[in-house]
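Below you'll find the structure, written out as structure tokens, and then a few comments.
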Amino acid sequence: ILDVGRGPDWLFVRLKCPSDTAPNFDGLADRIWELLEQHFTFRLVFELEELAILPSQLIGQLVLLHKLIHRHDGMLRICGLSEYNQQVLALTRLEAQLPQYPDRTAAVMGLPTKPR
């Protein structure tokens with residue numbers, strides 16, 4: 001289930017994960033891409049606070065979404081991943097393609113996630 005919000009030049013999509021059902025991520029990239037086109041923006045903050053485990057199926061959809069957005073000179077930023085899910089994403093070596101931030105504000109501002 002997707003909860004969609006709009007900000008100046010950005011679309012915010014929060015993934016809602018009911019605990020009583022196993023999520024199916026088939027076609028997620030296409031659904032979000034349609035939302036981006038409807039809102040005439042190609043900047044997305046994907047909020048994943050409610051995601052307990054980052055499954056490979058979702059990672060594949062995020063990579064596909066990144067490619068779609070990148071072709072239109074847009075941006076995809078992820079926020080709210082648990083520490084465990086950050087480690088899962090790091091193991092895939094996709095941090096550059098799927099930059100992650102602690103929250104929506106940091107994602108929009110592009111603030112570094114670690115102090116330099």
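The values are calculated or read from the model by the stated rules, or taken from the named source; none is laboratory data. The structure displayed is predicted, hence computed values, not measured ones. Glycine also receives a Cβ, built like all others from the backbone with ideal geometry; neighbour counts cover every protein chain displayed. For accessibility, only protein heavy atoms count, side chains too; no ligands or nucleic acids. Shrake-Rupley method; radii C 1.70, N 1.55, O 1.52, S 1.80 Å.
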- prompt: Across segment 22-54, which residue is modelled with the lowest pLDDT among those that are assigned to a loop (DSSP other than H, G, I, E, B), open to solvent by less than 80 Å² (accessible area, probe 1.4 Å) and more than 23 Å from THR105 (Cα to Cα)?
  reply: PRO23
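Take ILE78 and decide whether it is modelled with pLDDT under 95 and either under 24 Å from GLY5 (Cβ atoms) or open to solvent by 40 Å² or more (accessible area, probe 1.4 Å) (or both).
no
So how many residues does segment 64-74 have that are over 10 Å from the mean Cα position of the chain (by Cα) and open to solvent by less than 80 Å² (accessible area, probe 1.4 Å)?
To start, the set of residues in segment 64-74 that are over 10 Å from the mean Cα position of the chain (by Cα) comprises 64, 67-74.
Checking which are open to solvent by less than 80 Å² (accessible area, probe 1.4 Å) leaves us with 64, 68-69, 74.
Total meeting the criteria: 4.
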message: Given the condition in a loop (DSSP other than H, G, I, E, B) and surrounded by 13 or more Cβ atoms within 10 Å (Cβ to Cβ), answer yes or no: does some residue in segment 104-114 qualify?
response: yes
- request: Say whether the condition of being in a loop (DSSP other than H, G, I, E, B), of a type in the set (Val, Ile, Thr), free of Cβ contacts under 8 Å to residues at least 60 places away in the same chain and touching a Pro at 6+ places or on another chain (Cβ under 7 Å) is met by at least one residue in segment 90-102.
  value: no
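Residue by residue through segment 38-63, note down the ones that are of a type in the set (S, T, N, Q) and more than 13 Å from the chain's Cα centre (by Cα). Break it down into steps so the answer makes sense when it comes.
Just the residues of segment 38-63 that are of a type in the set (S, T, N, Q), to begin with: 38, 41, 56-57, 61.
Once the filter is applied, which keeps residues that are of a type in the set (S, T, N, Q) and more than 13 Å from the chain's Cα centre (by Cα), segment 38-63 yields GLN38, THR41, SER56, GLN57.
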